Structures are given as C-alpha cells and as structure tokens.
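K.L.:
So that we are looking at the same thing, I have put the structure below in structure tokens.
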Amino acid sequence: NPEITLDDALASRLSPFKTLAELSENIKKNILAEKERRAIEAKRLSVIKKIAEASTVVIPESIIDKEILSTLQKAKQEVEKSGTTWEAFLTSEEKTEDELRASWKPQIVEDATISLVLSEIARRESLLAKREEIEKEAENLVQYYGGQVSHTQAESYVQEALTNRNVHAFLQNQ
C-alpha cells in the first residue's frame, strides 16, 4: 500500500486550491460556518418551541389522526421500498402498530402547534410571502422537477417555505 503524502501537489490535484495551507484554511472556514449555522438553527428552534409551548393552541384530534395516518402510510412505503414487510419491521422494532402511532403523537402535536404558531406570527406581523415571489419560485420549482410537481403544489410549498423564512428572520431579530 503506497503512502499518501499530504502536500501542495495533492491539494492542487484534489481541490481548486494550490496549496495544502489554502485547502486547510478553507476546510476550517467551512467547519466554522457549519457550526455557526447549526448554532443559529438550534437557537431558532429553541425560540419557536418556547413560543409553541406557551401558546394555547389546541390541535383537533381529527388533524392529529390525519397526520398520524399520513405518517403511517409514508413509513409503510419506506419500509416496503427497503424490501422488508411491515410486519417484519414491527417485529424488529418490538412494537405494535398502535404503539408506533402513539409514539408519533407527541411530535405530530408539537409540529402542528409550531406550524399554527408560525402561521399566526406571519399573519399578525404581515410576514406572509409576496404573491409575485411565490409565483416566480413556484415556476422555478416546476421547471426544476420537469413537471413532476403541479404548479398548485409548488405554490403551496413555496408559500409556506418563504413565509416561514420571513418568520424565522423576524424572530431572529427579536
């Protein structure tokens, strides 16, 4: 087994940098940027969770049940894609389907509460995404996916994503 020498020649062959020092500096910079991004994301999530916990929102059982069913259907599809049967998966998890559903409920309630709270903040603070921005981004999304996504689906997704971005920026500045 030949030894690999970490030097300028290797750095220039494997990266756009001419020296090992430049490559190393870039790696350090990227690691720091990622740590900062994760810290900002953790703070944002913490603030959102605190707001949601303090809210008086009550999620109707019908919505919770619908989300649990949707999660169950997605889980079954993923398990079957992996080549395992649903029954074998449940056996490996040592849970019944009802236990699995029950284990998902707290997260589903939290997610739904957060979604409603973010929507309310967006409404109260006039942070809803602008129509022209939604249409432009939705069209880009439809083109990117080559028509596999309808314009209506793309608009719905983009509207929520842009509005959430606006709310997150608003909360970060508070």
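K.L.:
Can you tell me how many residues within segment 108-121 are open to solvent by less than 40 Å² (accessible area, probe 1.4 Å) and either farther than 30 Å from residue 65 by Cβ or of a type in the set (S, T, N, Q) (or both)?
P.N.:
Step one: filter segment 108-121 for residues open to solvent by less than 40 Å² (accessible area, probe 1.4 Å), giving 108, 112-114, 117-118, 121.
Narrowing the set further to residues that are either farther than 30 Å from residue 65 by Cβ or of a type in the set (S, T, N, Q) (or both) leaves 113.
Final tally of qualifying residues: 1.
K.L.:
Cβ contacts < 8 Å: first residue among the basic types (Lys, Arg), restricted to segment 7-33; second residue outside any helix (DSSP H, G or I), any location; separation 6+ or different chain. Result?
P.N.:
From segment 7-33, no pairs qualify.
K.L.:
Let me ask something else about it. Does segment 89-104 hold any residues that are surrounded by 11 or more Cβ atoms within 10 Å (Cβ to Cβ) and part of a helix (DSSP H, G or I), and which are they?
P.N.:
Scanning segment 89-104 gives 89, 90, 91, 93, 97, 99, 100, 101, 102, 103, 104.
K.L.:
Just checking, which of 103, 150, 92, 156 is within 23 Å of residue 55 (Cα to Cα) and of a type outside the set (Lys, Arg)? Step through it out loud before you land on a result.
P.N.:
Details: 150 fails: within 23 Å of residue 55 (Cα to Cα); 92 fails: within 23 Å of residue 55 (Cα to Cα); 156 fails: within 23 Å of residue 55 (Cα to Cα).
The conditions single out 103.
K.L.:
Still on this structure, I have one more. Can you name the residue in segment 22-36 that is among the hydrophobic types (A, V, I, L, M, F, W, C) and exposed (fewer than 12 other Cβ atoms within 10 Å of the Cβ) and, of all such residues, is nearest to residue 7 (Cα to Cα)?
P.N.:
Pass one, segment 22-36, residues among the hydrophobic types (A, V, I, L, M, F, W, C): 23, 27, 31-33.
Imposing the further condition that a residue be exposed (fewer than 12 other Cβ atoms within 10 Å of the Cβ) reduces the set to 31-33.
Values: 31: 21, 32: 23, 33: 25 Å.
Ranking the qualifying residues of segment 22-36, first place goes to 31.
K.L.:
Could you grab me the full set of residues in segment 122-152 that are open to solvent by less than 100 Å² (accessible area, probe 1.4 Å), assigned to a helix (DSSP H, G or I), over 19 Å from residue 167 (Cα atoms) and not hydrophobic (A, V, I, L, M, F, W, C)?
P.N.:
Within segment 122-152, 135, 139, 140, 151 meet the criteria.
K.L.:
Tell me whether segment 106-115 contains one or more residues that are under 19 Å from residue 41 (Cβ atoms), among the small types (Gly, Ala, Ser) and either in a helix (DSSP H, G or I) or more than 21 Å from the chain's Cα centre (by Cα) (or both).
P.N.:
Scanning segment 106-115 turns up at least one residue that is under 19 Å from residue 41 (Cβ atoms), among the small types (Gly, Ala, Ser) and either in a helix (DSSP H, G or I) or more than 21 Å from the chain's Cα centre (by Cα) (or both).
The values are calculated or read from the model by the stated rules, or taken from the named source; none is laboratory data. In this text, all values refer to a predicted model and were calculated from it rather than measured experimentally. Glycine also receives a Cβ, built like all others from the backbone with ideal geometry; neighbour counts cover every protein chain displayed. Note: areas computed on protein heavy atoms with side chains; ligands, DNA, RNA excluded. Shrake-Rupley method; radii C 1.70, N 1.55, O 1.52, S 1.80 Å.
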